[in-house]
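Dropping a structure here in structure tokens format, bear with me for questions.
The values are calculated or read from the model by the stated rules, or taken from the named source; none is laboratory data. Predicted model only: the values in this text are computed from it and were never measured. Note: ideal-geometry Cβ built from the backbone for every residue, glycine included; neighbour counts use all protein chains shown. Just so you know, the surface numbers come from the protein's heavy atoms only, side chains and all, with ligands and any DNA or RNA stripped out. Shrake-Rupley method; radii C 1.70, N 1.55, O 1.52, S 1.80 Å.
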Amino acid sequence: QHYFIQSNLRMSDGKTISTKSEYGSISAPDDATPGDVLTTDDTASLVPPRDLSSSQDLNDVYKHMGSGLSQYLYWAATALISYSDYAELTILSVALPSIRCEWQLSTLFETAITMSVFVSYAIFAVVFGRISDIHGRKVVLTSSALVLIVSAGVSAGAPNKWVFLGGRIVTGACIGINLSTVCCYATEFAESSLRLVGLGIFVVSNMAGYIAVNALALAFLHIVGWRWFIVIASLPILPALVLLIYLPESPRYLCVSGKQEQAHKTLRFMARLNGAQLPDTLNLVCQVDTQDLGSYKTLFSKQFRNSTICLAVMYFMDIFLEFGLIIFLP
């Protein structure tokens, strides 16, 4: 059954323009018959239902299942990873004075410790950003979280300054891997209107890690010492690792990388957690281009060159001010 919907648009000059469009398969008023012209008042709540049995975009599937437990679990993993990364970065600014006294560190060696974290951070962020595009978010984040736990333990139990330096280099590498991947991860399991929620959780968790480490240092550093302080500050990465192991791969990554069957399984898993039901057959429409996954050339192609340069400059200035004031100035 088809109905015609008429909309009256009032222009800025006072003129009124009428438009008429044809809709199918909608819930019309009880007294409407096929072929009627319905005004916008009659159709204010009429939205053609999405037919998920035909071809659909991933965003349509997300809207069908709604937001629920699955998104909350993914966001929790995002929050814990982001928290842990900034906590590890902030540990040096509060624990280094105690470490300096214990090992009689020179200013040059203190600078080397701090710089090593950020140098490895930068190198591994670039390298593993590409690897996560090729092999997936889950395997990269899970491996990085596991190594971060080990590196935190090595740093806490370091018998001398050289072992501590090695532990912090590995920690910086894990932070670079996480931060380059978790930004994408935070936006790939919810509909477009909720992606900013994921990014907001990522940013808030960063600041929560910074605040929490300083609060912990104020309360416990002088009691437990810097070694146990590193252990305590690194604990949130443990539940993050559990969630990463439990949760499946990002559906959007699976879709654009051509792994449709795995994407269907993940979407059904998410729908079950949300209390929704998907049709037996899904036909996702994704722009699959496995050859360009993780390609650096794409960033500097004509389409993305200006955005890449502007984002790089903005991020450089942000990090320059943020970490210069938080870590290096104290």
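Put a dot 7 Å past each Cα toward the Cβ at SER193 and VAL126; how far apart are the dots in nm?
Each label point lies 7 Å from its Cα, and together they span 4.1 nm.
Next up: Ranked from highest to lowest mean number of other Cβ atoms within 10 Å per residue, what is the order of the peptides 60-67, 76-83?
On the way: 60-67: 19.2, 76-83: 24.0.
Those peptides, ordered most packed to least, come out 76-83, 60-67.
I'd like to check one number: the per residue accessible area of the range 60-130, probe 1.4 Å, reported in Å² as a whole number.
On the way: 2780 Å² over 71 residues.
Result: 39 Å² of accessible area for each residue.
Let me ask you something else. Considering only C-alpha atoms, what is the centroid distance from the range 137-165 to the range 225-274, in Å?
Going from one Cα centre to the other spans 19 Å.
Further question on the same structure: In square angstrom, what is the accessible area per residue of the range 197-286 with a 1.4 angstrom probe?
49 Å²
In addition: Using the Cα gyration tensor of the range 45-197, with a ≥ b ≥ c the square roots of its eigenvalues, what is the shape: rounded (a/c below 1.5), prolate (a/b larger than b/c) or oblate (neither)?
Prolate.
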